[in-house]
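The structure appears right after this line, and notes come after that.
The values are calculated or read from the model by the stated rules, or taken from the named source; none is laboratory data. Model, not experiment: these values are computed from the prediction. Note: ideal-geometry Cβ built from the backbone for every residue, glycine included; neighbour counts use all protein chains shown. What goes into the accessible areas is simple: the full protein's heavy atoms, side chains included, and nothing from ligands, DNA or RNA. Shrake-Rupley method; radii C 1.70, N 1.55, O 1.52, S 1.80 Å.
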Amino acid sequence: KKSIMKKRGMVTLFIIIGLVLLILVGLFYYLKESLILKDIFIPKEIIPLQKYAEKCIRDSASQAIFLASMQGGYIELPKKITKDPEAYILTGFKVPMWYYKAEDRTPSIQSFIFYIESYINEQSLQCINNFEPFKEQYEINEIKKITTKVKLNDQEMIIDSVLDTIVKAKNKNTVIKFPKITTKQPTKIKKLFLLAKEIMLRENTDNFLEILTDDMIASSDYLPYAGVELTCDDRTWTVSSMVPYIKNMTIHNFKFLTFEDTAYLPTGYDYYEKQYR
């Protein structure tokens with residue numbers, strides 16, 4: 001009995017030790033992810049530089065997100081799109097056609113992230129400007145490049161940037177290699193980007209826009225469609241009169257078209273609730 005009790009006591013002790021270690025490891029990674037530990041391990045001499053660089057990187061990330069949002073996932077449009085006025089819609093920004101002349105021009109998620117990283121590198125390098133406002137307090141090797149890696153999830157962008165430089169405070173003898181900078185930017189751009197790609201794929205597969213347009217034409221009292229009618233009235237139509245009519249009709253109907261995971265207001269019409277959602 002004593003042997004059994006001793007073994008049970010040892011097992012209980014190991015379980016307690018395991019739970020303590022698990023809690024400590026979890027707490028460490030929580031603090032690390034919440035950036036609380038970050039400042040603890042950064043030499044206090046360069047904290048002002050680190051905060052300055054963080055702001056530049058965060059601002060550059062915000063600009064990248066805005067441009068990609070307004071330009072169909074592109075930060076810089078390819079020349080074959082910008083040179084063809086029919087390959088984009090002008091809304092103040094050039095929004096490219098993702099499917100144009102039987103060519104899929106949807107950017108991949110890999111290229112999407114790559115161009116965001118490149119934009120952050122370029123813009124933050126200009127913004128930091130070799131820490132010009134701090135030149136009286138620090139000796140800084142010229143920053144020739146910034147290397148950024150971006151991770152996107154549904155709620156935020158995680159940005160890891162490395163500045164290729166070393167720093168020395170003029171009143172200190174210590175030379176410090178500039179640490180990696182990690183910042184987070186709240187954004188749902190990945191979720192929106194993938195949703196837009198899914199909608200585009202569904203349209204190219206199921207042709208739901210064409211089906212809805214055909215339904216509009218068939219239900220119109222003005223446009224010709226099919227059937228036989230005995231009448232002495234004139235039954236001729238011109239393309240020049242039908243085109244603006246159909247354009248106006250699609251504008252007024254497609255404004256009710258909505259998709260899951262997007263902002264939605266009830267239309268109050270059963271037809272649109274069933275056919276346009």
According to the Cβ-distance criterion of 4.7 Å, cysteines of the chain with no possible disulfide partner are 232
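At most 12 other Cβ atoms within 10 Å and a DSSP loop assignment: could you name the GluC sites (Glu not before Pro) in segment 229-277 that fit? Let's see the in-between values first.
On the way: sites: 229, 260, 273; in loops: 229, 260.
Here the sparse-neighbourhood loop sites are 229, 260.
Cα-based Rg of segment 90-249 per 2.2 N^0.38 Å, rounded to two decimals? If you can, show how the numbers build up before the last one.
Values: Rg = 28.3 Å, N = 160, 2.2 N^0.38 = 15.1 Å.
Rounded to two decimals, the normalised Rg is 1.87.
Near residue 103, within a Cβ-to-Cβ distance under 12 Å, what is the net charge of the other residues, with Lys and Arg +1 and Asp and Glu -1?
Details: positive: 80, 101, 105; negative: 84, 104.
Once positives and negatives cancel, what remains is +1.
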By how many nm would the segment from residue 114 to residue 15 grow when fully extended, if each residue of separation counts as 0.36 nm and the alpha-carbon distance is taken off?
31.1 nm
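How much mean residue ellipticity at 222 nm does the chain get from its helices, if each DSSP H run of length 4 or more adds -39500 (n - 2.57) and you divide by all residues, to the nearest 500 deg cm²/dmol? Mind dumping the intermediate values first?
Details: 8 runs with 132 residues, N = 277.
Calculated mean residue ellipticity at 222 nm is -16000 deg cm²/dmol.
Starting from 0.36 nm per residue, how many nanometres of slack lie between residue 200 and residue 245 once their C-alpha separation is accounted for? It would help to have the intermediate numbers written out before the result.
Values: separation 45, 0.36 × 45 = 16.20 nm, distance 2.58 nm.
Contour length minus Cα-Cα distance gives 13.6 nm.
Among rounded, prolate and oblate, which fits segment 93-175 when a ≥ b ≥ c are the square roots of the eigenvalues of its C-alpha gyration tensor, a/c under 1.5 means rounded, and a/b larger than b/c means prolate?
Prolate, because a/c is 1.5 or more and a/b exceeds b/c.
Based on DSSP loop calls and a cut-off of at most 14 other Cβ atoms within 10 Å, the longest stretch of the chain free of exposed chymotrypsin sites (Phe, Trp or Tyr not before Pro) is what?
Numbers: sites that count: 222, 225, 237, 259, 264, 269.
That would be 1-221.
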Kirkwood Rh over alpha-carbon pairs of the chain plugged into Stokes-Einstein at 37 °C, 0.692 mPa s gives a D in µm²/s of 133 µm²/s
The aspartates and glutamates whose Cα lies under 18 Å from the Cα of residue 79, excluding any fewer than 8 residues away in the same chain, are 103, 104
Among 269, 74, 60, which residue has its Cα positioned farthest towards the positive end of the charge dipole of the chain, with +1 placed on the Cβ of Lys and Arg, -1 on the Cβ of Asp and Glu, and the dipole taken about the Cα centre?
60
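Once neighbouring chains are kept in place and the probe is 1.4 Å, which whole percent of the accessible area of the chain is contributed by carbon and sulfur?
Values: 11280 of 19040 Å².
With neighbouring chains kept in place, the figure for the chain is 59 percent.
Once you charge only the Cβ atoms, +1 for Lys and Arg and -1 for Asp and Glu, what is the size of the charge dipole of the chain about its Cα centre, to the nearest 20 debye? Intermediate results must be reported in sequence, preceding the final value.
Values: 38 positive and 34 negative charges, 554 e Å.
Dipole magnitude for the chain comes out near 2660 debye.
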Diffing segment 226-237: the Karplus 3J(HN,Hα) column from phi (6.51, -1.76, 1.60, θ = phi - 60°), in whole Hz with x for Gly and Pro, holds 7, x, 10, 9, 9, 7, 9, 6, 5, 10, 10, 9
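With every protein chain present, what is the per residue accessible area of the chain (1.4 Å probe, Å²)? Please report the intermediate quantities before stating the final value.
Values: 19040 Å² over 277 residues.
Accessible surface, normalised per residue, equals 69 Å².
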